[in-house]
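Beneath this line is the structure, given in structure tokens, with notes to follow.
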Amino acid sequence: MTRRRAAPTALRDRAEQAASVLPPLLIAAERVAVTVAQGVHGRRRVGQGETFWQFRQYQPGDAASHIDWRESAKSQRLYVRETEWEAAQSVWLWCDASASMDYSSADYLTGAEWPTKRDRAELLLLALASLLVRGGERLTLLGSGIAPMNGRIALSRMVELIGRNPGVESLPAFEP
């Protein structure tokens, strides 16, 4: 029995609706007990970011706007406030395309339209993608050959890839 697939835009709308009722990235037990935070992640070194990292003594050539006047007022030296380098993670998502994903309870139960496992998997994949995009992560579909990207364009690209790509039955090789 061949089932028709939902339109990619309708699938994206359903995925975003499903994601909207979930707390932002509570997925997987708060991302394995808060070992990984959503969005930008600290790299444990000085760089661009919003999180305070450390004070260091002013050196000739430092911008005056980086001087922390409160800290400097406590001593006879000038101190510069440094922030931690923060960057988003790249996430590769994959959806199984094996024949087992065509299973549906519709063959055994009468009544309402029953979705296939593939329909549910695509919905969950896009719901997760929506949450990841909201968290500032970069993402792509594994096996697509497309580099991870962020923002609404990433979600639109994911919908497009799912709509046109029948997928692969086994997990493709990792694409660094």
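The values are calculated or read from the model by the stated rules, or taken from the named source; none is laboratory data. For clarity, every value in this text was computed on a predicted model and none was experimentally measured. Positions of Cβ are backbone-derived with ideal geometry, glycine not excepted, and every protein chain shown enters the neighbour counts.
Residue by residue through the range 65-83, note down the ones that are of a type in the set (Lys, Arg) and surrounded by fewer than 16 Cβ atoms within 10 Å (Cβ to Cβ).
Residues satisfying the conditions are Arg70, Lys74, Arg77.
Each row is one residue, and each column tells you yes or no for (1) at pLDDT 85 or above; (2) basic (Lys, Arg); (3) surrounded by fewer than 18 Cβ atoms within 10 Å (Cβ to Cβ).
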site: Thr140; (1), (2), (3): yes, no, no
site: Gly167; (1), (2), (3): no, no, no
site: Ala173; (1), (2), (3): no, no, yes
site: Pro176; (1), (2), (3): no, no, yes
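Check every one of the strands (runs of 3 or more DSSP E) wholly within the range 1-93 and list those with 2 or more residues that are modelled with pLDDT of 70 or more and farther than 30 Å from Arg157 by Cα.
Strands (runs of 3 or more DSSP E) meeting the threshold: 52-57, 79-87.
Would you tally the residues in the range 97-134 being within 18 Å of Asp13 (Cα to Cα) and assigned to a loop (DSSP other than H, G, I, E, B)?
Of the residues in that region, 1 qualify.
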